[in-house]
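Q: Can you keep this structure in mind? I'll have questions shortly.
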Amino acid sequence: MSDRPRDVYVVDAVRTSIGRYGGALSGVRPDDLAAGVLRALVARTPGLDPARIDDVFLGNANGAGEENRDVARMAVLLAGLPVTVPGTTVNRLCGSGMEAVIQAARAIAVGDASIAVAGGVESMSRAPWVVPKPERALPAGHQQMYSTTLGWRMVNPRMPEEWTVPLGEGAELVADRYGIDRAAQDAFALASHQKAARAWRDGLYDSETVPVDGIVSARDESIRDDTSDRALAGLRPVFREGGTVTAGNSSPLNDGAAALLLTDEDGLRATGREPLARIGASAVTGIEPQYFGAGPVEAVERALKKAGRDLADIQVLELNEAFAAQALACLGQWPGLDPAVVNPRGGAIALGHPLGASGARITGAVAHQLAAAGSGTGLATLCIGVGQGMALVLER
């Protein structure tokens with residue numbers, strides 16, 4: 001066997017349309033959402049025997065509700081795939097879907113797999129409330145209940161307080177550190193909605209979105225065609241009196257799932273298809289937790305260096321828009337990047353950010369855009385709560 005890692009190809013990538021919190025997908029269990037994209041992905045490659053799938057990797061940031069008990073394996077079974085197909089669930093919070101892609105690609109590169117599925121799922125609408133077990137049996141007093149939808153809960157008291165601020169306050173801190181004012185954040189958010197609405201009107205998402213059984217949802221629900229700079233400017237700051245971060249310049253709470261089919265050369269021949277793109281280098285880095293929004297900066301630099309590329313080589317960059325403040329802070333550190341290549345079809349502020357699925361969604365989006373262009377280098381990257389950044393280079 002050669003010591004050289006095998007090339008890894010993205011054969012296909014699908015996702016659901018993204019539902020808003022309490023919206024069209026809120027009645028669908030996360031394991032069913034995941035099963036749906038697995039089923040659709042396999043159906044789009046009829047030449048592939050599903051029994052040849054060596055493993056399924058799915059990202060999920062919660063794990064506290066209906067997606068418990070290894071949602072990847074549950075999705076395999078619910079999708080009707082052969083029971084011989086295994087599945088594993090990974091958690092790197094907002095980076096979980098990309099972590100799944102990287103782990104699947106790594107398994108293929110070293111020869112542990114030939115064909116794998118990677119993706120992610122999140123239902124923030126259905127995230128449960130949880131009550132911790134009391135230290136003593138049968139307590140007489142009230143017990144604290146926590147929401148698992150987003151952010152810190154049941155914080156370890158040994159954690160420094162400055163590390164455990166709410167995510168929105170972290171965005172405010174990033175805005176302070178990098179000098180990102182309210183007007184710039186609102187302008188960025190408006191552009192995200194405009195690009196997303198235009199992309200849907202032009203049919204640019206038709207090749208990657210798949211329906212959810214029993215749900216009528218024409219497109220991503222959080223896109224606001226009617227928003228304006230005036231409407232965004234009228235929103236009050238959410239996390240800090242006199243702050244700059246609002247509901248309008250932040251990603252919303254969402255539900256959705258995404259999946260990619262990855263293969264080596266032998267697996268590619270088995271599919272009978274031309275790949276969308278090839279997986280390149282990746283990187284994950286750490287940063288002070290409260291400044292998590294700037295996490296992509298170093299991750300991108302490391303991934304590009306591994307790939308032998310620089311920012312001038314990038315034809316498309318999908319930067320997950322957790323907050324406009326953090327996205328602008330990252331972009332400000334990349335002066336060699338053409339702004340026109342960043343989220344050309346809109347970003348998470350408009351499309352939505354179902355945590356465990358977003359990394360897979362943006363990776364698939366880069367692959368589809370490279371395929372549409374015919375050649376080039378693409379980059380997907382996101383910030384991660386508790387202070388991490390992640391980036392993945394794709395080539396065609």
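The values are calculated or read from the model by the stated rules, or taken from the named source; none is laboratory data. No experiment lies behind these values; they were computed from the predicted model shown. When we count neighbours, we look across all protein chains shown, and the Cβ atoms used for this are built from the backbone with ideal geometry, even at glycine. Quick note on the areas: whole protein, heavy atoms, side chains included, nothing else; ligands and nucleic acids left out. Shrake-Rupley method; radii C 1.70, N 1.55, O 1.52, S 1.80 Å.
Q: Near Ala127, within a Cβ-to-Cβ distance under 11 Å, what is the net charge of the other residues, with Lys and Arg +1 and Asp and Glu -1?
A: Once positives and negatives cancel, what remains is -2.
Q: Shape call for region 190-323 from the C-alpha gyration tensor, a ≥ b ≥ c root eigenvalues: rounded (a/c under 1.5), prolate (a/b greater than b/c) or oblate?
A: Because a/c hits 1.5 or more and a/b fails to exceed b/c, region 190-323 counts as oblate.
Q: Let me make sure I get this right: for region 1-83, a, b and c are the square roots of the gyration tensor eigenvalues over alpha carbons, sorted descending. Under 1.5 in a/c it's rounded, otherwise prolate if a/b > b/c, else oblate. Which is it?
A: The shape class here is prolate.
Q: Now, a different point. Which of the three applies to region 98-180, rounded, prolate or oblate, going by the alpha-carbon gyration tensor with a ≥ b ≥ c and a/c under 1.5 meaning rounded?
A: Taking the square roots of the gyration eigenvalues as a ≥ b ≥ c, region 98-180 is oblate.
Q: Further question on the same structure: Would you mind getting the accessible area per residue of region 57-188, heavy atoms of the protein chains only, 1.4 Å probe, in Å²?
A: Here the residues of region 57-188 average 51 Å² of exposed surface.
Q: If the only charges are +1 at each Lys and Arg Cβ and -1 at each Asp and Glu Cβ, what is the size of the charge dipole of region 34-96 around the Cα centre, to the nearest 20 debye?
A: Here the size comes out at about 100 debye.
Q: Give me the extension gain from Asp338 to Arg219: residue separation times 0.36 nm, minus the current Cα-Cα distance, reported in nm with one decimal.
A: 40.0 nm
Q: Continuing with this model, one more query. 7 Å from Cα along Cα→Cβ at both Ala231 and Ser375: what's the point-to-point distance in nm?
A: Taking the two extended label points, one gets 4.2 nm.
Q: Right, something else. What does the charge dipole of the chain about its Cα centre add up to, to the nearest 20 debye, if the Cβ of each Lys and Arg holds +1 and the Cβ of each Asp and Glu holds -1?
A: That gives a dipole near 300 debye.
Q: Compute the convex hull volume of the Cα atoms of the chain, divide it by the residue count, and report the result per residue in Å³ as a whole number.
A: It is 155 Å³ per residue.
Q: Further, regarding this structure: Hydropathy at least -0.5 by Kyte-Doolittle, axial extent at least 15 angstrom from the Cα trace: which helices of the chain, defined as entire DSSP H runs, fit?
A: Membrane-span-like by this rule: 30-43, 96-109, 167-178, 296-307, 355-373.
Q: In whole Å, what is the distance between the alpha-carbon centres of region 51-99 and region 3-40?
A: Centre-to-centre distance over Cα atoms comes out at 10 Å.
Q: Output the relative contact order of the chain, whole-number percent, from Cα pairs under 8 angstrom with separation of 6+ residues.
A: 27 percent
Q: What is the percent carbon and sulfur in the accessible area of the chain, measuring with a 1.4 Å probe over the protein chains and ignoring ligands?
A: 51 percent
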